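To start, the structure itself, in structure tokens.
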Amino acid sequence: MTTSRIAGFYNLPLGERLDKLAESAGLSSDELAAFQTSGLSADQADHMVENAVGTFGLPLGIGLNFVVNGREVLVPMAIEEPSVVAGASFMAKLARAGGGFTVVTSAPEMIGQMQVLEVKDLMSASMELHEHKAELLAEADSIDPVLKKFGGGARDLEIRIIEDSPIGPFLVVHLIYDVRDAMGANAVNTACEKLAPHIQQITGGRVHLRILSNLADRRLAKASCTVLLKELAFTNADGRTFTGEQVRDGIIEAWAFAATDPYRAATHNKGIMNGVDAVVIATGNDWRAIEAGAHAYAARDGRYTSLSTWGKDADGNLTGELEVPMAVGIVGGATKVHPVAKAALKLMGVKTAAELAGIIASVGLAQNLAALRALATEGIQRGHMTLHARQVAISAGASGEDIHRLAEQMVAEKAVGIGRAEEILREPRRWWRRRW
Ligand code: MEV
């Protein structure tokens, strides 16, 4: 990939956008076709879920302008909400002037939990487990030879005592498992199930639940960016000017709200997840797992707060950081079965799950910046309105070129609604077309 900055991409006809992807990332005609048809046949769907009757499509857009750890990357985003792809692309453009996104990821370690009930003496059972730790780890390590071959496997065992619960005290054993490039749920769940009898034997208790934790706080992705002050200044369509300082300070003030108030933090983080989920879905990963992990991580100190942080550097530039659990894989599951997911991974040229995690965190941060910038300046509705108007136009029955025209008219009239759209469509065509 030479550049993720494809000027005029937005204005190209859909077919030419695909040509650009073929040029930039060497996608084959089959891979491009998968993007256009959702990729998954009803027959394939039938092998994936029970009672299948078909598939469900989502728009797939391309996040442009992203530079992640110095690498240009075109980002596939599956999402139904207008403005998200445009917002992320625009903010990636602002961030690239400051060097793009810098990403660090921790080891791909997942946590498997075993709940041990009916233990007579929790303290001594816990000590026994510590004594047998090496043996238990060796056993867990041998469970998945494929993972082991690629450098993964059991890393640690943690023993926790839950003192106070509705059923009284019990023991919890955490198996820390390096899952390399897999999402890891299967590997971890299998390891926990296989280890359980030995744990029962050591503790004298009964292992009840054996399942991974979605609070993947040992598998984090941290993205950061610097947005130069001069990139933040702008004049809006009404001729209103915002200085770089105003925009920067407005964004920091908006973040402070989310940092201190859970009502605002939920919405702030939802904006982050608009970007995160879009890439997670496009790559066939489990977005419910990512959502669960993100929100639990946001409440890790006992109070739900912002997942991102915004501030300024010594030169007055805006700085942002997002740290979030990121249990995504590039092998196994839908990532290797779904034709769109396969093409999406190829488009990004990712070679490891960690690389994918870093891109996703960068998109989350870009999306957060887009929302805060809009909220802190002209408000969110202006940008949303045109795209929303297009959806309204489609719902009212417009097609082709008329969608755009009808949307423009409704925005100009400041009357975006299905009623008005239908009214305009009912007008004699020559008459309402003449307006443009
Ligand atoms: C809408 O999908 C997301 C926002 O509400 C996020 C935010 O308020 O930060 C705009």
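The values are calculated or read from the model by the stated rules, or taken from the named source; none is laboratory data. Since the structure is predicted, the reported quantities are computational estimates derived from the model, not experimental observations. No Cβ is skipped: glycine too gets one built from the backbone with ideal geometry, and neighbour counts run over all protein chains shown. Quick note on the areas: whole protein, heavy atoms, side chains included, nothing else; ligands and nucleic acids left out. Shrake-Rupley method; radii C 1.70, N 1.55, O 1.52, S 1.80 Å.
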TODO: Quantify how much of the Cα-Cα distance distribution of region 1-86 extends past 21 Å, in percent.
DONE: 39
Open item on the list: With every protein chain kept in place and ligands, DNA and RNA left out, what is the accessible area per residue of region 109-212? Probe 1.4 Å, answer in Å².
Closed with: 50
Open item on the list: Using a 10 angstrom Cβ neighbour count of at most 16 plus a DSSP loop assignment to flag exposed GluC sites (Glu not before Pro), which longest range of the chain is free of such sites?
Closed with: 164-377
Task: Size of charge dipole - the chain - debye, nearest 20, with Cβ of Lys, Arg +1 and Asp, Glu -1, no other charges - done: 1340
Task: Which listed pairs, of Lys149/Lys351; Lys20/Lys342; Lys20/Lys351; Lys133/Lys194; Lys93/Lys346; Lys20/Lys222, have C-alpha distances above 25 Å, in listed order - done: Lys20/Lys222
- [ ] Give the whole-number value, in cubic angstrom per residue, of the convex hull volume spanned by the C-alpha atoms of the chain.
- [x] 183
- [ ] Can you grab the distance from the C-alpha centre of region 147-222 to the C-alpha centre of region 292-326, Å, no decimals?
- [x] 27
TODO: Towards the positive end of the charge dipole of the chain, with charges on Cβ (+1 Lys, Arg; -1 Asp, Glu), say which of Ala154, Leu307, Pro197 has the farthest Cα.
DONE: Leu307
- [ ] Please name which of Ala353, Ala389, Ala371 has its Cα lying farthest along the dipole of region 317-436 towards the positive end, using unit charges on Cβ (Lys, Arg +1; Asp, Glu -1) and the Cα centre as origin.
- [x] Ala389
Open item on the list: Accessible area of region 250-388 with a 1.4 Å probe: how many percent of it is carbon plus sulfur?
Closed with: 59
- [ ] Compute, for Arg210, the solvent-accessible surface of its heavy atoms (probe 1.4 Å) with the complete set of protein chains present, and express it in square angstrom to the nearest 10.
- [x] 90
- [ ] Express the accessible area of region 285-436 per residue in Å², computed with a 1.4 Å probe while the remaining protein chains stay in the model.
- [x] 45
TODO: Give me the percent of the accessible area of region 109-212 that comes from carbon and sulfur atoms, probe 1.4 Å, all protein chains in place.
DONE: 53
Task: Phi to ³J(HN,Hα) by Karplus 6.51 cos²θ - 1.76 cosθ + 1.60 over region 393-398, Hz, x for Gly, Pro - done: 4, 5, 4, 7, x, 6
Task: Choice from Gly329, Gly349, Gly397 with maximal GNM fluctuation in the chain (Cα, 10 Å cutoff) - done: Gly397
TODO: Using a 1.4 angstrom probe on the protein heavy atoms only, line up Trp310, Trp287, Trp255 by accessible area, largest first.
DONE: Trp287, Trp255, Trp310
